[in-house]
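Participant: Before we start, here is the structure in question, set down as structure tokens.
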Amino acid sequence: MLEKMREIIAEQLNVDEAEISEVTSFKEDLGADSLDLFELVMALEENYEVEIPAEDLTELTTVGKVMDYLKAKGVE
Amino acid sequence: MKTRVTELLNIKYPIIQGGMAWVAEHSLAAAVSQAGGFGLIGAANAPVEVVREEIRKARELTDQPFGVNIMLLSPHAKDIAQMVTEENVAAVTTGAGNPEPYIPMWKEAGIRVIPVVASVALAKRMEKHGADAVVAEGCESGGHIGQTTTMALVPQVADAVRIPVIAAGGIGDGRGMAAALMLGAEAVQMGTRFVVAEESIVHENYKQKIIKARDIDSEVTGLTTGHPVRSLRNQMTREYLRMEQEGASFEELEYMTLGSLRKAVMDGDVKGGTVMAGQIAGLVKKEQTCAEIIQEMLSEAGALLKKDWNIG
């Protein structure tokens with residue numbers, strides 16, 4: 001899962017895949033602002049065919065948290 | 001004039017007045033709606049009962065539809081979101097956040113939902129969650145802004161969504177309106193020009209500051225905090241930018257801006273307060289009634305759109 005996540009994140013936030021690990025914070029490490037995060041969430045919804053409601057967005061601060069979140073939603 | 005936005009909001013002309021904090025109160029909103037446009041009351045950080053009172057006062061002044069702009073970062077946003085359903089306003093526009101949690105409740109109350117967006121992704125997301133239209137706001141606007149210009153943002157948003165798009169940012173006359181329509185918008189939202197309307201209650205100093213502004217007189221502060229704001233250059237913006245450059249903390253910077261808009265709008269302190277205005281301030285040259293502003297824009301835009309361009 002991390003492999004694909006890195007690909008999506010790298011593409012959406014215009015960063016190098018090498019910069020991305022499970023502990024990477026979107027805001028602090030990758031400099032993402034709220035508009036960037038929306039791009040990312042839209043891409044995640046499309047790629048994993050899940051719905052990510054607005055109230056969940058605030059907790060999705062790091063790559064690892066997104067992975068846990070998606071797993072809890074049944075994504076393999 | 002007829003577009004999907006005039007039909008959606010049941011108005012004569014596709015001109016919406018921005019829901020500016022402190023400025024967009026009942027007299028301005030009612031005057032714009034009475035003149036055939038769509039007025040907005042800006043809830044900003046005001047408590048719920050203050051906004052309710054504004055809605056009721058506006059209703060005494062006009063029987064035409066008007067709306068409320070809800071600033072989602074406000075501590076009262078949730079209460080106001082609920083209150084507008086009780087007061088049955090025609091439409092809600094939202095800024096500074098994501099209105100998704102409230103959309104079902106507003107739709108059920110028959111309120112038109114029009115989020116302000118600064119990117120294609122957010123516009124698509126709002127459409128997916130049931131928005132009736134979006135305001136695509138470019139960074140020429142005054143107040144809190146995104147990064148893309150109106151010229152670039154509007155056609156991209158218009159291509160990305162099926163719901164109607166309202167263009168905002170840098171529009172101050174009929175030329176801007178015609179251009180916005182050409183870019184794919186079906187209405188425009190204007191702030192700065194309505195700030196100097198006769199019916200606008202802002203301090204005379206604030207109006208004069210806009211009327212005297214030149215094209216280069218606006219400045220963006222707060223880029224380092226992630227909440228950039230466009231306002232007219234003065235002592236306040238210079239001091240803020242100096243502190244920003246010196247690496248002042250978010251808290252220090254926030255403290256500095258606390259109440260600074262109110263200071264300019266209500267007390268007329270246009271040196272030490274924040275005079276929010278868009279880049280188009282340089283074009284705004286005189287105080288007029290809302291009806292005059294709207295009629296002038298329509299005739300200018302109409303003449304341009306009907307002009308024979310002799311192509312091919």
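Participant: Dividing the convex hull volume of the Cα atoms of region B:174-271 by its residue count, what figure in Å³ per residue is obtained?
Facilitator: Details: hull volume 12.7 nm³, N = 98.
So the per-residue hull volume is 129 Å³.
Participant: Using only the C-alpha atoms of region B:11-74, find the volume of their convex hull and express it per residue in Å³.
Facilitator: Numbers: hull volume 4.2 nm³, N = 64.
Convex hull volume per residue, Cα atoms: 65 Å³.
Participant: Related question: Which of the DSSP-defined H helices in chain A satisfy a minimum axial length of 15 Å, computed from C-alpha atoms, and a minimum mean Kyte-Doolittle hydropathy of -1.0? All intermediate terms of the calculation are to be shown ahead of the outcome.
Facilitator: On the way: long enough: A:2-13 (16 Å, -0.18); A:34-48 (21 Å, 0.42).
Qualifying helices: A:2-13, A:34-48.
Participant: Direction-averaged shadow area of the convex hull around the Cα atoms of region B:214-276, nm²? Display every interim value, and only then the final one.
Facilitator: Working: hull surface 15.8 nm².
With the hull built on Cα positions only, its mean projection is 4.0 nm².
Participant: Grab the other residues whose beta carbon is less than 13 angstrom from that of A:Thr24, score K and R as +1, D and E as -1, and report the net.
Facilitator: Working: positive: A:Arg6, A:Lys27, A:Lys65; negative: A:Asp16, A:Glu17, A:Glu19, A:Glu22, A:Glu28, A:Asp29.
Result for the neighbourhood of A:Thr24: -3.
Participant: Could you report the accessible area of B:Glu49 in Å², rounded to 10, computed with a 1.4 Å probe on the protein chains as they sit in the structure?
Facilitator: The accessible area comes out at roughly 100 Å².
Participant: Evaluate peptide A:32-39: per residue, the Cβ atoms of other protein chains within 10 Å of its Cβ; return the mean as an integer. Please list the in-between numbers first.
Facilitator: Working: counts 0, 5, 9, 9, 2, 1, 10, 5.
Per-residue shielding by partner chains comes out at 5.
Participant: Beyond 39 Å, what share of the Cα-Cα pairs of the protein assembly as shown remains, rounded to the nearest whole percent?
Facilitator: Numbers: 12985 of 75078 pairs.
Looking at the protein assembly as shown, the distances longer than 39 Å represent 17 percent of pairs.
Participant: Tell me the per residue accessible area of the protein assembly as shown using a 1.4 Å probe; a whole number in Å² is fine. Could the numbers behind the result be given before it?
Facilitator: On the way: 17890 Å² over 388 residues.
Roughly 46 Å² per residue, with all protein chains present.
Participant: Here's a follow-up. Can you give me the Cα centroid spacing of region A:5-76 and region B:152-169 in angstrom?
Facilitator: Comparing the Cα centres of region A:5-76 and region B:152-169, I get a distance of 26 Å.
Participant: How many percent of the accessible area of chain A is carbon or sulfur, using a 1.4 Å probe? Write out the running numbers ahead of the final one.
Facilitator: Details: 1920 of 4360 Å².
Ligands and nucleic acids excluded, carbon and sulfur reach 44 percent.
Participant: Given points 7 Å out from each Cα along the Cα-Cβ axis, report the A:Ala72 to B:Asp215 separation in nanometres with one decimal.
Facilitator: Those two pseudo-labels are separated by 5.3 nm.
Participant: Continuing with this model, one more query. For A:Leu57 and B:Arg262, what does the FRET efficiency come to when R0 = 35 Å and r is the distance between their Cβ atoms, rounded to the nearest 0.05? Each step should come with its number before you reach the end.
Facilitator: Values: r = 31 Å, r/R0 = 0.88.
So, using R0 = 35 Å, E works out to roughly 0.70.
Participant: Determine the relative contact order of chain B: mean sequence separation of Cα pairs under 8 Å and six or more apart, normalised by residue count, in whole percent.
Facilitator: Numbers: 693 pairs, mean separation 50.8, N = 312.
Answer for chain B is 16 percent.
Participant: Given q = 0.23 Å⁻¹, what are the Debye log10 I(q)/I(0) values for region B:251-308, with equal point scatterers placed on the Cα positions and solvent ignored?
Facilitator: -0.98
Participant: Which residues in region B:1-37 place their backbone N less than 19 Å from a point set 7 Å from the Cα of B:Thr225 along the Cα-to-Cβ direction?
Facilitator: B:20-23
Participant: Right, another one. Using a Debye calculation, one point per C-alpha and no hydration shell, please list log10 I(q)/I(0) for region B:21-163 at q = 0.15, 0.19 Å⁻¹ in order.
Facilitator: Listed by q, the Debye log ratios stand at -0.72, -1.14.
Participant: Can you list, largest first and rounded to whole Å, the semi-axes you get for region A:1-48 by taking the square root of 5 times each eigenvalue of its Cα gyration tensor?
Facilitator: Values: eigenvalues 42, 39, 14 Å².
Output for region A:1-48: semi-axes of 15, 14, 8 Å.
Participant: Restricting things to alpha carbons, find the Rg to Rh ratio for chain B using the Kirkwood radius for Rh. Walk me through the intermediate numbers first.
Facilitator: On the way: Rg = 18.3 Å, Rh = 19.3 Å.
On the Cα set of chain B, Rg over Rh gives 0.95.
The values are calculated or read from the model by the stated rules, or taken from the named source; none is laboratory data. Predicted, not measured: the structure shown is a model, and the values here were computed from it. Every residue, glycine as well, gets a Cβ built from its backbone with ideal geometry; the counts of neighbours run over all protein chains shown. Areas reflect the complete protein model, heavy atoms only, side chains present, ligands, DNA and RNA absent. Shrake-Rupley method; radii C 1.70, N 1.55, O 1.52, S 1.80 Å.
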